[in-house]
1. State the number of lysine pairs found in the chain whose Cα atoms come within less than 30 Å, restricting to pairs 8 or more positions apart or on distinct chains.
2. Loop-only check: which GluC sites (Glu not before Pro) in region 42-97 are DSSP coil with at most 16 other Cβ within 10 angstrom?
3. Roughly how much of ASP94 is accessible, in Å² to the nearest 10, using a 1.4 Å probe?
4. In nm, to one decimal, how far is the LYS77 label point from the LYS177 one, both placed 7 Å along Cα→Cβ?
5. With a cut-off of at most 15 other beta carbons within 10 Å, and DSSP calling the residue loop, which trypsin sites (Lys or Arg not before Pro) in region 1-108 qualify? Please list them.
6. Residue separation times 0.36 nm, minus the C-alpha to C-alpha distance between ARG66 and ARG54: what's the value?
7. Leaving out ligands, DNA and RNA, what percent of the accessible area of the chain is carbon and sulfur, probe 1.4 Å?
Amino acid sequence: MIGRIRGILIEKSPAQALVECDGLGYEVDIPFTTFFNLPEPGEELVLHTHFVVREDAQSLFGFSSRLDRDLFRLLIKVNGVGPRLAVGILSGLDANQFIRCVEARDANALVKLPGVGKKTAERLLIEMTDRIGQLEGQFSPGSPSATVSPGASGAATATVHHPAEEAEAALIALGYKPQEASKAISKVAEDGMSSQELIRLALRNMIPAS
């Protein structure tokens, strides 16, 4: 099990970070909440990781906090929730927000996440209510959301040249329909905004903080 990686950030996008460690480049899949906290390429970073091995693929998932990583591990134990859906959940809600949703029995916030229907939301509330106690000592009710962190880093290395196009592509990759992504970005777009700012504001409007 690879539980932690420290190295130099080579490239970053809303869904993945390339980290060089001892001459090896690790492609690490990340949620948006981790992407918002990444440093600039060329700087050192530490990610808390979870390694998933399947017959057809091996994937390394990374998180900026141990709380997010540990919550990810609890989420993938829920019936019907795989690693990709868990990453999607943690892209829309950071760990503290998700825990507050569970404690408040707020299914409405969960069904706004792509891939989470009413039945999945209800299953998450039921199964996670008993499990979040395993995160005792890590949850900080008053802590700010990673999605609105004032200390978040600057714009990511672009794979699509226009920030709005990159932001739309990121939301589509998360699971939103193209029309939903385009509408969400157009509502918040202003001249000079980076793709990261567009994604953060669009998600805040689509999934209001609980």
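The values are calculated or read from the model by the stated rules, or taken from the named source; none is laboratory data. No experiment lies behind these values; they were computed from the predicted model shown. FYI the Cβ positions are ideal-geometry reconstructions off the backbone, even for glycines, and counts take in every protein chain you see. Remember, those area values only see protein heavy atoms, side chains included, never the ligands or the DNA or RNA. Shrake-Rupley method; radii C 1.70, N 1.55, O 1.52, S 1.80 Å.
1. 19
2. Details: sites: GLU43, GLU44, GLU55; in loops: GLU43, GLU55.
Passing sites in region 42-97 are GLU43, GLU55.
3. Rounded to the nearest 10, that gives 10 Å².
4. So the label points at LYS77 and LYS177 sit 3.6 nm apart.
5. Details: sites: ARG4, ARG6, LYS12, ARG54, ARG66, ARG69, ARG73, LYS77, ARG84, ARG100, ARG105; in loops: ARG54, LYS77, ARG105.
Here the trypsin sites (Lys or Arg not before Pro) that fit, given the DSSP loop and packing criteria, are ARG54, LYS77, ARG105.
6. On the way: separation 12, 0.36 × 12 = 4.32 nm, distance 2.33 nm.
Using 0.36 nm per residue and subtracting the Cα-Cα distance, I get 2.0 nm.
7. Working: 4980 of 10360 Å².
Answer for the chain is 48 percent, counting heavy atoms of protein chains only.
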